[in-house]
Every structure is written in C-alpha cells, then in structure tokens.
Amino acid sequence: MAQLEQFTAPVGTVLARLRALDAELPGRDGVAVFNRVYLAVTEEVVRGLAAGEFTDPRAASALDVRFAERYLAAVDAVAAGHRPPACWRPLFQFRRHPGVRPLQFALAGVNAHIGHDLALAVVDTCRTLGCEPKALEGEFERVGDLLVALEERVREDLMPGPDLLQVADPLTHLLGSWSLERAREASWAAARALWALRHCADVAEELTERLDAAVGFAGRMLLTPLPD
C-alpha cells in the first residue's frame with residue numbers, strides 16, 4: 001500500500017491543481033468546460049492507481065503527471081500574459097464566445113491534449129524513466145481507454161437531446177469530423193517518431209512545431225461558432 005501511495009501522491013498534486021481551477025473558473029468558460037473533463041479523467045487515474053489497476057504504476061503515474069504538466073503550463077502561460085502552444089490557442093481565444101457550445105469546448109481541449117501534449121508527454125516520461133516508448137505502451141493504452149470512456153460520457157452529458165439535435169444541425173457534422181481514437185493513434189505514432197529523432201534536435205523541433213500547428217488548426221475547426 002505504501003508503495004502505491006508514492007505513485008498516487010504526484011497525481012494527487014495534479015488533482016488538487018485541477019480542482020482549484022475548477023473552483024476559480026466561471027462555469028461557462030470554455031477552459032472550465034475542458035478542465036471539468038480532465039478533472040474527471042485524473043480522478044479516475046488516482047482511483048485506478050490506489051486500487052492497483054495499472055500494470056506499471058510507476059510508469060502510469062509518471063506519464064499522467066508529465067501529461068498534465070503540458071496543459072497546466074498552457075494555463076499558466078495565458079495567466080502570465082504569454083502565448084500558449086498553438087494547439088491550445090483556439091480554446092483560450094474562443095473560451096467566452098457565445099456561439100461555441102460546451103461540447104465543442106470539451107472536444108477542442110481533448111484534441112489539443114491528446115493530439116499534441118500526449119505525444120510529448122510520452123517522450124518526457126521516457127527520458128524521466130530511462131525507457132523506450134514501447135515500455136509505456138500498456139499504460140498509454142490504459143489512459144487512452146479512460147479517455148475514450150470519458151468522451152462517450154461527455155457526449156452524453158453535453159450533447160443536445162435528440163429532439164434538439166437534428167441531422168441538419170451543424171454540430172452533428174462538426175462532431176463527425178473528429179475522432180478521439182484516430183487522435184490517440186496519431187499521438188502514439190508521433191511519440192515514437194519524436195523518440196527516434198531525439199538525437200536530431202533540429203528535425204525533432206520542426207516535427208514538434210508542425211504537430212503543434214496541425215493540432216491547433218483542427219482545434220480551430222472544432223470551435224467554429226454555430227447558430228442556436
């Protein structure tokens with residue numbers, strides 16, 4: 001039990017920060033909408049670590065913390081008046097737009113975090129633990145499964161009911177253009193590529209920048225203002 005606590009504690013620190021953000025952000029704020037989603041994921045990770053559900057709790061804890069640090073760094077950058085990574089800019093720019101629906105905010109945040117941050121978090125974790133990405137694949141999949149389950153719940157909670165969401169509603173088509181599963185697969189491929197290029201700093205930096213820009217572009221599309 002004591003051994004599990006040493007892996008749960010770092011994630012618990014992240015959890016405390018997410019709860020603090022949840023308390024201070026206005027409920028309708030787009031960043032707050034995503035933060036609530038991420039808070040639920042992190043609570044589930046802490047529960048899973050405490051219950052011994054992860055095959056490698058050390059790797060799972062390290063990956064979760066490195067993953068969260070990317071999002072929290074974007075939050076801190078904006079709070080300090082700096083520009084966040086390109087993948088996060090659309091969410092922060094449109095966070096108060098009245099024409100963007102809560103489900104769009106949630107998925108735009110998930111897009112940024114999975115499409116960009118997760119790949120870099122895998123590389124960060126490999127450096128921290130001195131391992132190859134292959135060693136993290138099981139925990140990567142476990143965290144990904146939690147996100148897929150949560151995405152389904154988010155869609156159920158935030159999607160308008162069938163009496164409101166008609167086939168002609170632009171939100172129907174917008175949501176059909178993005179897939180968490182595809183984003184997760186692309187993130188794993190990007191992580192492996194970045195790890196393979198870790199000794200080619202210039203190429204790795206260019207790939208990271210292009211990944212950031214591409215994910216940001218997708219996020220901007222997800223946040224297209226829609227009519228009521």
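Throughout, read-outs are computed from the coordinates displayed, never taken from laboratory work. Computed from a prediction, not measured in an experiment: that's the story for all the values here. Don't worry about glycine lacking a Cβ; one is built from the backbone with ideal geometry, like all the others, and counts go over all protein chains shown.
What number, rounded to the nearest 500 deg cm²/dmol, is the helix-based mean residue ellipticity at 222 nm of the chain, given -39500 (n - 2.57) per DSSP H run of at least four residues and division by all its residues? Write down the numbers at each step before the final one.
On the way: 10 runs with 163 residues, N = 228.
The helix contribution divided over the chain gives -24000 deg cm²/dmol.
How much length is gained if the chain between ALA16 and ARG28 is pulled fully straight, taking 0.36 nm per residue apart and subtracting their Cα-Cα distance, in nm to one decimal? Don't skip to the end; give the middle numbers.
Numbers: separation 12, 0.36 × 12 = 4.32 nm, distance 2.09 nm.
The ALA16-ARG28 span can extend by a further 2.2 nm.
Between GLU43, GLU24, GLU132, which gets the highest mean-square fluctuation from a Gaussian network model of the chain, Cα cutoff 10 Å?
GLU24
As an exercise, use a Förster radius of 25 Å and the Cβ-Cβ distance of HIS82 and ARG58 to find the FRET efficiency, rounded to the nearest 0.05. Numbers along the way, then the final one.
Values: r = 33 Å, r/R0 = 1.30.
Efficiency, rounded to the nearest 0.05: 0.15.
With the crude spin-label approximation of a point 7 Å out along Cα→Cβ, what separation in nm comes out for ALA189 versus THR128?
2.7 nm
Alpha carbons only, please: Rg and Dmax for the chain, in angstrom.
17.4, 55
Note down the relative contact order for the chain as a percent, whole number, built from C-alpha pairs under 8 angstrom at least six residues apart.
Value for the chain: 28 percent.
Once you have the Cα-Cα distance between ARG182 and ALA201, take 0.36 nm times their residue separation minus that, and quote the gain in nm to one decimal.
Details: separation 19, 0.36 × 19 = 6.84 nm, distance 2.69 nm.
Contour length minus the Cα-Cα distance gives 4.1 nm.
Can you give the local net charge around ARG89? Use residues other than it whose beta-carbon is closer than 9 angstrom to its beta-carbon, Lys and Arg +1, Asp and Glu -1.
Values: positive: ARG83, ARG220; negative: none.
Around ARG89, the charge tally is +2.
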